[in-house]
1. Of B:V322, B:V364, B:V275, B:V360, which residue is buried (at least 17 other Cβ atoms within 10 Å of the Cβ), touching a helix residue (DSSP H, G or I) at 6+ places or on another chain (Cβ under 8 Å) and within 9 Å of another protein chain (Cβ to nearest Cβ)?
2. Every residue in region A:167-188 that is touching a residue at least 60 places away in the same chain (Cβ under 8 Å) and crowded, with 16+ Cβ neighbours inside 10 Å, please.
3. Quick one: how many residues across region B:1-23 are more than 25 Å from the chain's Cα centre (by Cα) and closer than 25 Å to B:D198 by Cβ?
4. Please go through region B:325-337 and pick out each residue that is assigned to a loop (DSSP other than H, G, I, E, B), closer than 15 Å to B:Y378 by Cα and more than 9 Å from chain C (Cβ to nearest Cβ).
5. Please specify each residue of region B:12-58 satisfying the condition of being within 14 Å of another protein chain (Cβ to nearest Cβ) and in contact with a Lys or Arg (Cβ under 9 Å, 6 or more places away or on another chain).
6. Give the number of residues within region C:92-114 that are open to solvent by 30 Å² or more (accessible area, probe 1.4 Å) and either without any contact (Cβ under 8 Å) to a residue 40 or more places away in the chain or at the interface with chain A (Cβ under 8 Å from one of its Cβ atoms) (or both).
7. With respect to the numbered conditions (1) within 13 Å of chain C (Cβ to nearest Cβ); (2) at pLDDT 90 or above, which one is the sole condition not fulfilled by A:L114?
8. List the helices (runs of 4 or more DSSP H) that sit entirely inside region B:338-407 and contain at least 1 residues that are of a type in the set (D, E) and over 23 Å from the mean Cα position of the chain (by Cα).
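The values are calculated or read from the model by the stated rules, or taken from the named source; none is laboratory data. Note that this is a predicted model, so its numbers are computed, not measured. In this analysis, Cβ positions are derived from the backbone assuming ideal geometry, glycine residues included, and neighbour counts consider all displayed protein chains. Please note that ligands, DNA and RNA were not included when accessible areas were found on the heavy atoms of the full protein model with its side chains. Shrake-Rupley method; radii C 1.70, N 1.55, O 1.52, S 1.80 Å.
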Amino acid sequence: METQATGSSWRWSLRDVIFLALVGIAFGLIYWLMDWVYQLSGALLGAVGLKALNDEVTLGPWMMAAPLASLLLRRVGAGLIGELLAATGEMLLGSSFGASNLLSGLVQGVGSELGFALTGYRNWQLGLWLSTLTGTVVTFAWSLIVAGYSHYQPGLLVLLFVVRFASIFLFAGVLVKAIVALLAKSQLFKL
Amino acid sequence: MALSAQNLTVGYPDRPVLEGVNLTLNKGDLILLMGPSGSGKSTLLKTLVGLYPKYGGVVSGDVTVDGQPVADMLANHRAQAVTMLFQQPDQQFAMPTVNEELVFALENIEYEPEKMAARIDWALKTVGLPDFGPRQLATLSGGELQKIALAETLALGADYLILDEPFAAVDAKSRQSLQVLLGNLVKDGFGIIISDHDFDGYQEIMTDFYQVKGSALVPVEPGDWTDYAKPSQTHPVPGTLPVQSTIFEQEQLSLKNGDQVILTDSDLSWAKQRVTLITGPNGVGKSSLLRVLAKLHPYQGQLKLAGQEVHKIRSRTYYHQVGLVFQNPRDQFLNVTVDDELQQVQRASYQADYWDAKQVEQAVGRLGLADCGQQSVYQLSGGQQKKLALLLMLIMAPPVLLLDEPFAGLDQDSLIQVRDLIQEAQQDLGLTIIMISHQTEVIWSLVDYHLAFSRAGLTYQGEVVS
Amino acid sequence: MNASQKLILVLLLSLELAFTQSAILNLMVVGACLVAMVVARVSWRRLLFYLGVAAIPVLGTFLSFWFYGSGSAASNGHIAWVMSTRLLAFISLGAWFAQTVNPYVLMTALEQNFKLSPTFVYGILGALNFLPKFKTALKNVLAVAQMRGQSLHVWSPALYAKALIQSLAWSENLAQAMTAHGFQEGAPRTHFRQDRLPLLGWLILALILVLVQLAVFRGHWW
């Protein structure tokens, strides 16, 4: 998070940091509210042993902070930091994921950031679509290694991957693009 | 040794707002600045403390403090010479408690840690809040917050203090005690510039008085100062008491704002299909009361809308009956361009027959918004935003419409247009209108009932004073 | 331990738990966190809240692996047991951290201990003040939508656009106020409260980690 490196594009202004933190807090609040939706649908799907599917369907909204921060601030690291802040905020409000929020925030942030990095932080539009893909791949790899997904049957795994990508693509891709288009129309942001 | 502006022009990329400003603030001066909203007072003041052009605005000309250009100084050095109190008391602090906030400021200017406690004690004593160190800022009133902000500027050691409408959210008593405080500081050799909409209480403490006229800053001669303390006029209101046909009934209604009690055990009937005006000093809780009627703020006791307890009515049903026009017009917007906003409410209006395309077009024209169709609502001027927000809710036309300061910051022409538009819609559609307004001069003719809100509670008045 | 050391401990333990499949270890962590919170006098209501929040996902996790695991019934049972207790351990760690560390103390500790940029430290802390204001703003926008007969959903761009426009206005106001109060990006500052990394804290941290490693090893023989 140390950004006072050499180039001016690395130097963060106070205003940008506060904005990023507010975005993080706003999403922390939204995530925290989402938590209850997640719990409810989790109770229904969990009862028939499909909690994993619930996780996949609801993952998309959790991954919106990162690409929004990247697109609005157009800086290296904005997505990662924004997602981390949102995850921390959610944990401090008291979420059902506890400390794993910090880890998943980190993984989700890295996953999304990677998409923009692949374009060398030049093509932000392409970066957004790539970020939905890298976000899915990175978080799925994490689930395979850490969340015990490797113990699931292969058929279920394919289903889980497809559902996860669809959710991330819709929320962290299509919806994010629509939000940014609205903000561009408002002329408040230099986009 | 002074804070001085020479041949200063400030404004936005597309237009200058104030031109050719020459102003000198010496130690021991208190300058009052008055002028309509949107006339560039805030922009000028932010330029004087060096926040503009860094944070926006277009500036040409020079501002120097004790000979140094303010825009070139680093913030940690500049704050020791000149600093600012802001309009929104609750959006100027970085930390949660008074002590932590003052420590933050002192750390910024590399104050010696061993001497900080003594410095903070002194600053808090000077503003008359010696025991407030451990208090949470979120629990303080508007007046207390501005005193803490003043203590912070004193702790920083600035000689020149710029206050941008600091009393907008401060009750009358705190306003008076803050004015006494400012008078004392001026005697101690501080230089102060303050902008305000209200002339009250400045005559004894100020040394200079400027008014914004058009795009110029014009000094007012001391001989003319008494003209600003205008005698008031009274206008009788037509509504008869007790209220005959009622829309809201409240019994033993009590309200709190945070820890502050603003109303206890109040019994009252609100008139149906009439215009009721609520007046009262800043900070007494008028907005909170309106938010209660809008089902956005908790209450104790009984409050009934057409016989049904308000908190038991589902939101969806409630908001078909009752609409609120927020004080901050940005809170009213859902879409981005003016046309999008107008089309949305036309589709959703409860009185779509009345608000046909022609009627809407006419209203838009009268409010001077005809050329703004494709513009972003967020790029309109403050006055235009205010007019649009009101028009949107008039077009929606729910049976009950609550208006929070609908006239604030409007110029004379707009004021009259807005007043007439409210009156026509109210009479043609039989709306119930309950509004808060400081401005009573032009709009008194609209009013059927007048409620005065004070610490003693809510009481109907036989007249409106303007 | 100071706040920075607690953060390091939580991060290291979370990582370790994520890569270890030991229900015993998970339950040990849960127990330790509960004891630590009781010692720190966290209220019973808070603890019950966390327990309530944990119940559904923990149970759901158990059932998912129980029904859809790829192995034999016995191995599915083992995995289900490990995964659900692990989630409980994560929740306990998060609860212990959130209940015993004040974000203000944490951020200033990170500033002094690890030279985190003050622009980030105070920018983030300043932004935290706006949490209650966001709640009011959210309430307002939902009401306005209903007053105007326009429905807002989780998938409505307008809902998020409003939040971001509000964030922009607030960041502008707060940044100006902090600048007027002498905050300069990159300038040196003094520190009223010295926050050092106590040696005892490191020792406790090391002890806990060693105990965890032992538990992991023993776990293989159990």
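1. After ruling out the rest, the residue left standing is B:V322.
2. A:S167, A:I168, A:F169, A:F171, A:A172, A:G173, A:L175, A:V176, A:I179, A:V180, A:L183
3. Here the count works out to 4.
4. Across region B:325-337, the qualifying residue is only B:N328.
5. B:V49, B:G50, B:Y52, B:Y55, B:G56, B:G57
6. Here the count works out to 1.
7. Condition (1) is where A:L114 drops out.
8. Correct list: B:338-348, B:357-366.
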